[in-house]
1. When a/c reaches 1.5 or more, the comparison of a/b and b/c decides; with that in mind, is the range 112-164 rounded, prolate or oblate per its Cα gyration tensor?
2. Looking only at the range 29-59, which residues have a backbone nitrogen under 13 Å from a spot 7 Å from the Cα of ALA96 in the C-beta direction?
3. What is the sum of charges, Lys and Arg at +1 and Asp and Glu at -1, for the other residues whose Cβ falls under 14 Å from the Cβ of PHE31?
4. Just the number please: accessible area per residue for the range 47-168, 1.4 Å probe, all protein chains included, in Å².
5. Using 0.36 nm per residue, how much length does the chain from ILE4 to LEU152 gain when fully extended, once their Cα-Cα distance is taken away?
6. Would you mind computing Rg(Cα) / (2.2 N^0.38 Å) for the range 6-88, counting N as its residues?
7. In terms of Cα to Cα distance under 27 Å, which lysines are near enough to LYS64, apart from those fewer than 8 places away along the same chain?
8. Just how large is the dipole of the range 22-127 about the Cα centre, in debye to the nearest 20, putting +1 at every Lys and Arg Cβ and -1 at every Asp and Glu Cβ?
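The values are calculated or read from the model by the stated rules, or taken from the named source; none is laboratory data. None of the values given here were measured: they were computed from a predicted structure. Glycine also receives a Cβ, built like all others from the backbone with ideal geometry; neighbour counts cover every protein chain displayed. For accessibility, only protein heavy atoms count, side chains too; no ligands or nucleic acids. Shrake-Rupley method; radii C 1.70, N 1.55, O 1.52, S 1.80 Å.
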Amino acid sequence: MEKISLTGQLIQYIFTGITVGSIYALVAVGFDIIYNVTEIINFAQGEFVMLGGLIMVFFTAIAKLPLPIAFILTIAAVTGVGALMERFTINPLKNATVLTMIIVTIAVSILFKGIAMFVWGKDPYIIPPFSGNEPIFILGAAIQTQTIWVMLITAVVVVLLSLFFKKTRYGKAMLACADDPE
């Protein structure tokens, strides 16, 4: 095994930090959109990310589906869970106080965690990389291709959401609702 230089380590840490930051940025975008539209902080938002990962593991590792199909099914499943959460927990309490709504999202968060631990257990899972196992070497740092994908997807999502909110009728309507719910 080769010894990694100080420059290689620094670049490795920078890419790792940007990758983790990109994932947190995507979660934060979800928090921001939900809060701006509903004025509710959804404390179950992190559990939706967790459910996405665990459902993806189910489709790829257990059901042995090809990655693209598993990805689409995972998005559909998590969207369905979100729709069910809205329909059965948020919608019936439309006129409730903000504090009540926050408590409901905390309860849903706890429920999702419990269900996930019951179904998948507490062991970590690994999804094989979809773009190969060979890293890209940049100035002595080994950068996984997944890292590049995460950064690119985050950039694309941020740009597309910006365009959506600034250029489309629905995006402008959502921003207007956030400013004045009436």
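1. It is oblate, given that a/c is not under 1.5 and a/b is not larger than b/c.
2. 40-44
3. -3
4. Spelled out: the 1.4 Å probe surface of the range 47-168, per residue, equals 66 Å².
5. 50.7 nm
6. 1.37
7. LYS113, LYS122
8. 220 debye
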